[in-house]
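Let me begin by presenting the structure, written as structure tokens, before commenting on it.
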Amino acid sequence: MTIRRLPPETVNRIAAGEVVERPASAVKELVENALDAGARRVTVQIEGGGLSRILVEDDGSGLTPDELLLAVERHATSKLAPNAAGDYDLLDIATLGFRGEALPSIGSVARLTLTSRARGAAEAWSLTVEGGAVGCPAPAAFPGPHGARVEVRDLFYATPARLKFMKSERAESQAIAEEMKRQAMAHEAVAFSLEIDGRTVLRLPAEAPGPEGRLARLSAILGRDFADNALAVDHEREGVRLTGYAGLPTLNRGTSSHQHLFVNGRPVRDRLLQGALRGAYADFLARDRHPVTALYLEVDSQAVDVNVHPAKAEVRFRDPALVRGLVVGGLRHALAGAAHRSASSHSDAALAALRPEGWRPEAWRPGPSPEGFSAWRMGGWNPVAGSGRSAVLPGLEALSARAEPITGLSEPGAAYDPAGPAPGAPDPVDQPLGAARAQVHATYIIAQTRDGLVVVDQHAAHERLVYERMKAQLEAGGVARQALLLPEVVELDPTEAERVAARAGELEALGLVVESFGPGAVLVRETPALLGETDVAGLIRDIADDLAETGQALSLRERLQEVCSTLACHGSVRAGRRLTAPEMDALLREMEATPNSGQCNHGRPTWVELKLSDIERLFGRR
């Protein structure tokens, strides 16, 4: 077989297949170029899902005519510089781009026009590339004092076969919008705007650099619910820093698309980081629910390799265990600090459901006589003409109980004394979850706070309390083990077997005793007693998969947590059980003292708060 040297045009189109996978990939590369050029404003316009036209404008440093020609030459870049020895260090990259492939790749499969004015230059210049054919720079008009304007028309016209693999215009436009949002979340100090077919769909002003500006940007993109229910994360270990915001477990979604991860300002999709996220939230969410997060990892450029894939969406860490431990530890610390908080979005949903359909606050009008109720109380109001007697409605003169007269385990018929707490004793109303006033439907506790009321799901709340106690007992006393009558041999790939045997000490701490049994097998002698009869071979294979993917035995931990969760569910107060007033109050006080009590083990809220001001608005009193 004869070896042939491919022409440059074919080489460029092959490379473009990796760099420019779809219109969103082209937008990503062009926006990153603008950010590397120091832009403080980036404007993107697209037509036909980006296949017909893409325009990216910025106010960065701009390019000279000579730099325009170099910019469309493959592997020519301003973002890598030689060191004192004349070497180019690919492990010391501080920019978003560095490969010098984006513009040549786009120009090889589309009609590319690049217009720019360098900072301080009097004239602007333009350069055209069509299907890889490069023109000559020519003077051109440019609206700003400096910056660049990149226009891409007829993307993939030079490779028509690629067009067959494109999705609908709507799908491609949505992918571009998501890419713009990711870039905007990574750079809060830059203003972004996006127009799709002449309609502005994204307009984000520049925010102040720092946590407050970042949260404002995240709120504009992810919604106000995220800002109201996000926990600040700021954790550092051995020179690696994790910042950002993590949503409360009760603010969760059905897919992982709302998990946004950034490494040194670069949006990434990394399996290690996603596995760490799953591990951190394992105690709080069911397997099919995912948290909403925006996390920013700052690591020395020498400790992370971004030159893994041409799309630069994947990274590789020098010390993955350190990074994973930092993410898990930082998130768990933030979640523990949330105490009994629950997402406020559930309260908003409850208020929306309570509001009568078609009701508007401005439609409410007071009755004809403001003194009507007072007159009725004085006996002077008579709705029955000529009766001569006041209409006293049955039951309105009776005192209402502070709690329902119910029977329970402690004191049958116990109820709160209407006189309130004893002198000198703190009023439970001032506690975060208030004072229990009633139990309704033998399932929900109604508590009164100083400025509203709280509805508690007694089963979900007690389930979390029992689960937290079981976890504490496991950590204090270790995981009880049961010996197998006949040790089980599990055959694996030799590499997998070696990997599992190397973690024997860690697995023993979790109640699983294993040892090497030849080059392609491990011997299991003991298993955690909590698991009872279990599929030992399946468990070992799952652990081997976890160790290969994340370096941690997540399967065993999750199974133990799942068993504890199940036991907690069955051992907690059931819905339908009537509680006494002291029992209800004791449950509220324990919730306030227990971390993570705002959600049950499955990510559902344990309580919902309704503010008095919101309730008053429901009845037109405000």
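The values are calculated or read from the model by the stated rules, or taken from the named source; none is laboratory data. This is a predicted model, so every value here is computed, not measured. So basically every Cβ, Gly included, is an ideal-geometry build from the backbone, and we count neighbours across all protein chains shown. For the accessible areas, the whole protein counts, side chains as well, though only heavy atoms, and no ligand, DNA or RNA atoms are used. Shrake-Rupley method; radii C 1.70, N 1.55, O 1.52, S 1.80 Å.
Data table
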| item | result |
| --- | --- |
| Accessible area, probe 1.4 Å, largest first, for residues Glu506, Glu123 | Glu123, Glu506 |
| Lysines whose Cα lies under 22 Å from that of Lys79, excluding same-chain neighbours fewer than 8 positions away | Lys28, Lys312 |
| Distant alpha-carbon pairs in the stretch 97-202 (separation over 25 angstrom), percent | 34 percent |
| Solvent-accessible area per residue, Å², over the stretch 1-42 with all protein chains present [probe radius 1.4 Å] | 57 Å² |
| Dimensionless Rg ratio for the stretch 159-315, taking C-alpha atoms and the 2.2 N^0.38 Å reference | 1.11 |
| Where the stretch 130-281 is the region considered: accessible area per residue in Å², 1.4 Å probe | 47 Å² |
| Principal axis box of the stretch 52-161, alpha-carbon based, largest edge first, Å | 43, 41, 22 |
| Positive-end residue of Ile106, Ala184, Leu202, charge dipole of the stretch 83-219 with Cβ unit charges | Leu202 |
| For the stretch 61-124, accessible area per residue (1.4 Å probe, heavy atoms of protein chains only), Å² | 49 Å² |
| With all protein chains modelled, accessible area of Leu69 [1.4 Å, Å²] | 70 Å² |
| Rounded FRET efficiency, nearest 0.05, which uses the C-beta distance separating Asp427 from Glu67 and R0 of 56 Å | 0.20 |
| Surface share of carbon and sulfur [accessible, 1.4 angstrom probe, percent] for the stretch 181-252 | 45 percent |
| Coarse-grained scattering of the stretch 1-105 at q = 0.16, 0.19, 0.20 Å⁻¹, given as base-10 log I(q)/I(0) from a Debye sum over alpha-carbon atoms | -0.84, -1.11, -1.19 |
